[in-house]
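Let me begin by presenting the structure, written as structure tokens, before commenting on it.
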Amino acid sequence: MEALMSLIVGVLTAGGVYLLLRARTFSVVLGLTLLTYAVNLFLFASGRLTIGAPPILDPEVSRYTDPLPQALVLTAIVISFAMTAFVIMLALRARAELGNDHVDGRASVRDSQESET
Amino acid sequence: MNHLVIAPLLLPLLVGTLLLLSRRTLSLAARRALNLAAILGQILLAIELLILVGDGTVLTYHLGHWPAPWGIVLVADRLAVWMLLVTSLLAFFALLHAMQGTDTCSRHFHPLFQLQLFGLNGAFLTGDLFNLFVFFEILLLASYGLLVHGGGAARVRAGLHFVVINLVGSTLFLFAAGAFYGLTGTLNLADLSLKIAQLPPEDLGPARVAALLLLAVFALKAALAPLHLWLPSAYASTSAPVAALFAIMTKVGAYSLLRVETLLFGEQAGILAGFYAAWLLPLGLLTLALGALGALAATELRRQIAYLVVVSVGLLLAAFGLGSREGIAAGLYYLVHTTFATAAFFLLADLITRERGWAADRLVPGPALPNAGLLGGLFFVTALLVAGMPPLSGFVGKFLVLRAALAEPGWPWMLAVVLVGGLLGIVALARSGSLLFFHIRGAGSGEPTHPPPAKDLPGASLPTIGLLLLCLALLIGSGPVLDLAEATAGQLLDPAGYIQAVLKPVGIQIAPWEAES
């Protein structure tokens, strides 16, 4: 399970970094989303992976799973949702203000050719 | 347990919420007064806290009365309160300048301003790594809104870069926090300090990785080279009061670096002792050199000031990187000076831009300024401050850093870089000053030769003059301020008091069944 978990975190991070380095705001937003998925799984695993154990005090149980990473992940998910919403709004605004969806706001060669024709 | 510790968080949060809800019911003047009163309240709170912690006490506030390693804790020591006071004083003058009309450009300027202060105060007061992340997010979210306040293509483009790079930084922060939790099982900074010192040798590798991830995050916030490239366009394109308030944003990164450097990787940390200091000194000097070159090459005044912010960050972090008591104390003195001086410069650039009409703040020969005497005088004083020339506080700060550097084996390097960087800064500022005030040229065809005369410029320059007077007060009060800075550095280098104050039992039982067993 540990190997599978680390593989998933690694693949998500790699995909996120690749998309983040693209020139269009849409792929950048997708890349950020993939990165937050990766970090959420990473945080979740930082309390060690335990199956079938309760996270709260129970007099009949002696084996627990760590509840803190779950609370951290919950916080991280909420924050990343808000941030994703904000960055999408900003990307739309940039699209409207700058006339294209390039991250640097430049018109690409193809765009200018299209506008000429 | 002192409830005053949480007051600097509650005040901006409540006032910010109130300002958000009262947009339709309260008049603009009432909202301005409310915002200003809240900042005055924060200044008073910071002074009150400074009196309480001045003798070396570390005040703690355990939220919900949960004992420290489990619950969330706020810590007010000398450094945190020092930063609170600088922030609130800066915010006061930035807001005064914003009241000249910037705050009406979009609907939510006032709530965002208070929420920004909420995030800043929280980042300074928290004693928990994950809460530091949360407060970073709060202050960043408010800063995203403030940065694009007023709109315009340049602002939105710079804002997009700023937001994306900071979101990547937040992700790295979470990776670092998760790694620390996985290694030590705690996120409380005081507890982390104890646990890192006891790490088994096989865990030192992952601990180094986590520490370096954290260093990258804070370096990004502080604009330390090579992660400084976002700063110039973000600061140069935003509105002046926001740029002035952002003078404290890089200092949040510097504060976090100093806190982690001394608390987690201080002398008590065993093998990892001095882990951050070894990076901060060379990177700080590199930042200083690159910033000075940028200031020399800038073609707009505001971009030039933004590069001078990069220069000051470099000197500040190099001073912190010395790791000695004198170095940190000199850095803390310089931090106050550079925050006020660069903020005053951004406000002054705004006044100059308004007066210059078509030439705006571009460093080209432009129209004659109607109020050249006042503006030129202010420019001269501010340039002396920022360049670190005697007899003003910039010189004192720089001199103290250089004197502390003499104890370092590589001191010739540090002296050479700082002095050459200072010279480049003077050249750049002298060039801009002569272009702005002496090199007068009529406008091209179709452009008005004279800009419309500004309404009450002397009144508009009062916030700028206020910030400059704060720098003057810093110079006159150098003795007491330096004593406090030395005491703060001493407290940082001996974190036992901090750790004990946070982790001592708060004298209550968590659950009745634990007492019985």
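The values are calculated or read from the model by the stated rules, or taken from the named source; none is laboratory data. What you are looking at is a predicted structure, and each value in this text was computed from that prediction instead of being measured. Please note: Cβ atoms are built from the backbone with ideal geometry, for glycine as well, and neighbour counts cover all protein chains shown.
Points to keep in mind about this one:
- Taken together, the residues in segment B:183-204 that are within 27 Å of the chain's Cα centre (by Cα) and among the acidic types (Asp, Glu) amount to 1.
- Consider segment B:291-302 and keep the residues that are surrounded by fewer than 19 Cβ atoms within 10 Å (Cβ to Cβ) and not small (Gly, Ala, Ser). The one that is modelled with the lowest pLDDT is B:Thr299.
- Test result for B:Leu194, buried (at least 23 other Cβ atoms within 10 Å of the Cβ) and either hydrophobic (A, V, I, L, M, F, W, C) or touching a Lys or Arg at 6+ places or on another chain (Cβ under 7 Å) (or both): no
- Residue selected from segment B:96-133 under the condition hydroxyl-bearing (Ser, Thr, Tyr) and assigned to a helix (DSSP H, G or I), by the criterion nearest to the chain's Cα centre (by Cα): B:Thr102
- Total residues in segment A:19-47, condition farther than 17 Å from A:Phe81 by Cα and out of contact with any helix residue (DSSP H, G or I) (no Cβ under 7 Å at 6 or more places or on another chain): 3
- Test: B:Val148 is buried (at least 22 other Cβ atoms within 10 Å of the Cβ) and at the interface with chain A (Cβ under 10 Å from one of its Cβ atoms): yes
- Scanning segment B:473-486 for residues that are surrounded by fewer than 16 Cβ atoms within 10 Å (Cβ to Cβ) and part of a helix (DSSP H, G or I) gives B:Ala473, B:Ile476, B:Gly479, B:Pro480, B:Asp483.
- Residues that are within 12 Å of chain A (Cβ to nearest Cβ) and of a type in the set (A, V, I, L, M, F, W, C), drawn from segment B:111-133: B:Leu129, B:Phe130, B:Phe133
- When B:Gly151 is tested against the conditions (1) assigned to a helix (DSSP H, G or I); (2) out of contact with any Ser or Thr (no Cβ under 6 Å at 6 or more places or on another chain), the lone failure is (1).
- Residue among B:Phe136, B:Phe180, B:Phe162 that is in contact (Cβ under 8 Å) with a residue 24 or more places away in the chain, within 11 Å of chain A (Cβ to nearest Cβ) and either on the phi > 0 side of the Ramachandran plot or over 19 Å from the mean Cα position of the chain (by Cα) (or both): B:Phe180
- Long-range neighbours under 9 Å by Cβ, at least six apart or interchain, first residue under 12 Å from B:Arg208 (Cβ atoms) within segment B:265-281, second assigned to a helix (DSSP H, G or I) and modelled with pLDDT under 85: B:Phe265/B:Leu272; B:Phe275/B:Ala269
- Hits in segment A:1-53 (condition: touching a strand residue (DSSP E or B) at 6+ places or on another chain (Cβ under 9 Å) and of a type in the set (S, T, N, Q)): A:Thr25
- Residue within segment B:201-209 that is crowded, with 18+ Cβ neighbours inside 10 Å, within 13 Å of chain A (Cβ to nearest Cβ) and touching a helix residue (DSSP H, G or I) at 6+ places or on another chain (Cβ under 8 Å) present: no
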